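One structure is given here, and the rest of the page talks about it.
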Amino acid sequence: MSDRAITRHQRGYIYEAFNAFHVRYYTTEIVNGESKRVQRSHRLCAKDRSTGHGTTGAKAVKKLCDDHMRDINAAVPSTNSEMLVCEFWKEKYLPYCETQWKGHGMKPSTVKGYKQVWQQHLEAHFKEHKLQKYTSEHARAFLHNLKTKQGKNTLKHIRALASAMFTEAIERNLLKGVNPWHVKIPKDAIEPEETAHYTLEQTETMISALVDHVDAQLVLALACFVGLRRGEIAALKWEDCDGDWIHIRRNLSDGEIVTPKSKASLAPVPLIDQVRVPLELWRAKCGKKTEGWMFRDDGPLDINNILNRVIIPHVNGANNCIPCDKKPAASGVTWAGLHAGRRGTGTMVIEATGNIAIAQAMLRHEKASTTANIYKKQLAQRAYSEGVAIYQKSLNEVNK
């Protein structure tokens with residue numbers, strides 16, 4: 001009798017946890033060379049009445065459950081030697097990322113990024129490959145074929161996900177030997193383009209262009225002067241501002257309030273004057289509030305809305321929603337995204353202090369190398385000249 005014949009049809013059990021709906025079911029896995037029936041769960045969606053996902057009995061939630069269980073019921077358990085890499089991704093690794101990693105699953109933004117890398121690059125490559133027969137030569141050839149099409153950073157993301165998958169397969173005894181993705185990125189791969197950042201002058205110009213929109217000024221100030229991420233800005237509450245500090249306690253990711261990106265991200269940032277002024281102006285406009293969401297009464301800020309409706313039109317000098325004779329004039333700054341403000345923060349702090357550790361603390365990076373390699377951009381000519389003058393002075397002092 002086949003494995004499919006002895007596998008009972010399951011409907012799955014829907015339950016609520018962590019403000020989301022999940023389905024619990026059984027599946028067959030190979031454990032220490034033996035086929036065993038184990039219980040697993042899969043995250044279906046966030047709890048959100050506005051999208052029809054309000055209860056475990058909602059039709060939309062049940063449909064997601066039925067769709068997932070259809071794939072589970074159709075799957076035929078594979079042995080170690082039979083399992084395709086694509087089967088492992090779908091049946092083992094993706095559910096592990098969504099619900100099992102450290103007992104609760106990875107952040108939705110992380111899982112979303114993995115799915116994107118898988119769909120765009122790895123799925124087609126792994127289509128016919130089996131776990132046990134995949135080799136380092138396959139991995140090297142794949143990266144070699146991509147080196148003239150994708151930049152080094154993209155190749156690193158591809159390698160990181162593939163390597164993590166095979167490491168997990170080894171941990172589950174589905175694969176023996178060394179991880180075949182312990183390979184190097186081709187040296188002649190396309191170098192990544194320099195990412196944009198705003199200078200102090202550009203930041204001040206953009207904020208000045210938003211003189212009639214103090215909430216938008218505050219959004220830019222938080223990104224460009226103290227390096228907050230867009231999700232951290234959106235999820236701010238008035239009670240997060242305590243004296244001379246802004247405490248980062250939550251993050252908005254794909255419409256869900258989650259914990260910040262890492263433990264280091266939970267550190268407070270200083271409430272400097274360039275942020276304090278628009279903050280207090282906005283507080284006064286909101287009736288001197290001391291608690292609740294900072295930008296809206298009913299929830300976190302929709303960053304895309306304020307960017308597309310207010311900030312970008314004022315930076316670019318274009319707004320199709322108002323008469324031509326009243327459109328804001330272009331600021332002269334090329335809009336490069338809100339994250340360019342965070343990069344600008346790192347650059348300005350290092351230029352002003354000469355200390356990467358201070359910039360690391362401001363940006364709340366776990367590693368100083370991240371600050372130095374990614375967020376410190378090319379020195380402005382003024383800062384370079386001032387640095388050379390200090391260097392010259394130190395040499396003269398030694399020779400006296």
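Here is a list of conditions, (1) charged (D, E, K, R); (2) out of contact with any helix residue (DSSP H, G or I) (no Cβ under 7 Å at 6 or more places or on another chain); (3) assigned to a helix (DSSP H, G or I), and Asp215 meets all of them except one; can you say which number that is?
Asp215 satisfies all of (1) charged (D, E, K, R); (2) out of contact with any helix residue (DSSP H, G or I) (no Cβ under 7 Å at 6 or more places or on another chain); (3) assigned to a helix (DSSP H, G or I) except (2).
Would a scan of segment 169-183 turn up a residue that is charged (D, E, K, R), assigned by TED's automatic domain parsing to the domain that holds Gly317, touching a residue at least 60 places away in the same chain (Cβ under 8 Å) and on the phi < 0 side of the Ramachandran plot?
Within segment 169-183, the first condition is being charged (D, E, K, R), and the residues that meet it are 171-172, 176.
Okay, now just the ones that are also assigned by TED's automatic domain parsing to the domain that holds Gly317, so none.
No, segment 169-183 contains no residue that is charged (D, E, K, R), assigned by TED's automatic domain parsing to the domain that holds Gly317, touching a residue at least 60 places away in the same chain (Cβ under 8 Å) and on the phi < 0 side of the Ramachandran plot.
Do the conditions hold for Lys63, that is, is it of a type in the set (D, E, K, R), surrounded by fewer than 13 Cβ atoms within 10 Å (Cβ to Cβ) and not assigned by TED's automatic domain parsing to the domain that holds Tyr13?
Numbers: of a type in the set (D, E, K, R): yes; surrounded by fewer than 13 Cβ atoms within 10 Å (Cβ to Cβ): yes; not assigned by TED's automatic domain parsing to the domain that holds Tyr13: no.
Considered against the rule, which asks whether it is of a type in the set (D, E, K, R), surrounded by fewer than 13 Cβ atoms within 10 Å (Cβ to Cβ) and not assigned by TED's automatic domain parsing to the domain that holds Tyr13, Lys63 comes out as no.
Residue check, Ile14 against (1) at pLDDT below 90; (2) in a strand (DSSP E or B); (3) farther than 16 Å from Phe88 by Cα, all met but one. Which one?
In the conditions (1) at pLDDT below 90; (2) in a strand (DSSP E or B); (3) farther than 16 Å from Phe88 by Cα, Ile14 misses (1) alone.
Please specify each residue of segment 218-262 satisfying the condition of being assigned to a loop (DSSP other than H, G, I, E, B), closer than 21 Å to Thr110 by Cα and not basic (Lys, Arg).
If the condition is that a residue be assigned to a loop (DSSP other than H, G, I, E, B), closer than 21 Å to Thr110 by Cα and not basic (Lys, Arg), then Gly227, Leu228, Ala235, Ile248, Asp254, Gly255, Thr259, Pro260, Ser262 are the ones that fit.
Check whether at least one residue in segment 81-104 is in a loop (DSSP other than H, G, I, E, B), at pLDDT below 90, in contact with a helix residue (DSSP H, G or I) (Cβ under 9 Å, 6 or more places away or on another chain) and among the polar types (S, T, N, Q), and report yes or no. Walk me through it before giving the result.
The initial filter retains those residues of segment 81-104 that are in a loop (DSSP other than H, G, I, E, B), namely 81-83, 104.
In the following step, the residues that additionally are at pLDDT below 90 were identified as 81-83, 104.
Those still in the list that are in contact with a helix residue (DSSP H, G or I) (Cβ under 9 Å, 6 or more places away or on another chain) too: 81-83.
Restricting the remaining residues to those that are among the polar types (S, T, N, Q) gives 81.
The answer is yes; a qualifying residue exists.
When you look at Arg250, is it touching a Leu at 6+ places or on another chain (Cβ under 8 Å), of a type in the set (Lys, Arg) and either modelled with pLDDT of 90 or more or not assigned by TED's automatic domain parsing to the domain that holds Met106 (or both), yes or no? Break it down into steps so the answer makes sense when it comes.
Values: touching a Leu at 6+ places or on another chain (Cβ under 8 Å): no; of a type in the set (Lys, Arg): yes; either modelled with pLDDT of 90 or more or not assigned by TED's automatic domain parsing to the domain that holds Met106 (or both): yes.
Taking the combined requirement at face value, the residue does not satisfy it.
Would you point out which residue out of Asp298, Asp325 is acidic (Asp, Glu), out of contact with any Lys or Arg (no Cβ under 9 Å at 6 or more places or on another chain) and at pLDDT below 90?
Selected residue: Asp325, the only one of Asp298, Asp325 that is acidic (Asp, Glu), out of contact with any Lys or Arg (no Cβ under 9 Å at 6 or more places or on another chain) and at pLDDT below 90.
Can you tell me which condition Trp181 does not meet? The list is (1) surrounded by fewer than 17 Cβ atoms within 10 Å (Cβ to Cβ); (2) in a loop (DSSP other than H, G, I, E, B), and all the others hold.
For Trp181, the failing item is (1).
Consider segment 263-289. How many of its residues are in a loop (DSSP other than H, G, I, E, B) and either within 28 Å of the chain's Cα centre (by Cα) or closer than 14 Å to Leu236 by Cα (or both)? Explain how you work it out, then say what you get.
Residues of segment 263-289 that are in a loop (DSSP other than H, G, I, E, B), as a first pass: 263, 267-268, 271-272, 286-289.
Subset that is either within 28 Å of the chain's Cα centre (by Cα) or closer than 14 Å to Leu236 by Cα (or both): 263, 267-268, 271-272, 289.
The qualifying residues number 6.
Residues in segment 141-155 that are surrounded by 17 or more Cβ atoms within 10 Å (Cβ to Cβ) and part of a helix (DSSP H, G or I): how many?
5
Would you check if there is a residue in segment 191-200 being crowded, with 19+ Cβ neighbours inside 10 Å and within 23 Å of Gln120 (Cα to Cα)?
Within segment 191-200, not a single residue is crowded, with 19+ Cβ neighbours inside 10 Å and within 23 Å of Gln120 (Cα to Cα).
Take Arg250 and tell me if it is of a type outside the set (A, V, I, L, M), surrounded by 20 or more Cβ atoms within 10 Å (Cβ to Cβ) and at negative phi.
No, not satisfied.
Can you find even one residue in segment 157-166 that is charged (D, E, K, R) and over 20 Å from the mean Cα position of the chain (by Cα)? Can you show your working first?
Here is the first cut: in segment 157-166, the residues charged (D, E, K, R) are 159.
Pick out the ones that are also over 20 Å from the mean Cα position of the chain (by Cα) and you get none.
No.
State whether one or more residues within segment 105-124 are crowded, with 18+ Cβ neighbours inside 10 Å and at positive phi.
Yes, some residue in segment 105-124 is crowded, with 18+ Cβ neighbours inside 10 Å and at positive phi.
The values are calculated or read from the model by the stated rules, or taken from the named source; none is laboratory data. Because the structure is a prediction, the values reported are computed rather than measured. We place every Cβ from the backbone using ideal geometry, glycine too, and count neighbours over all the protein chains shown.
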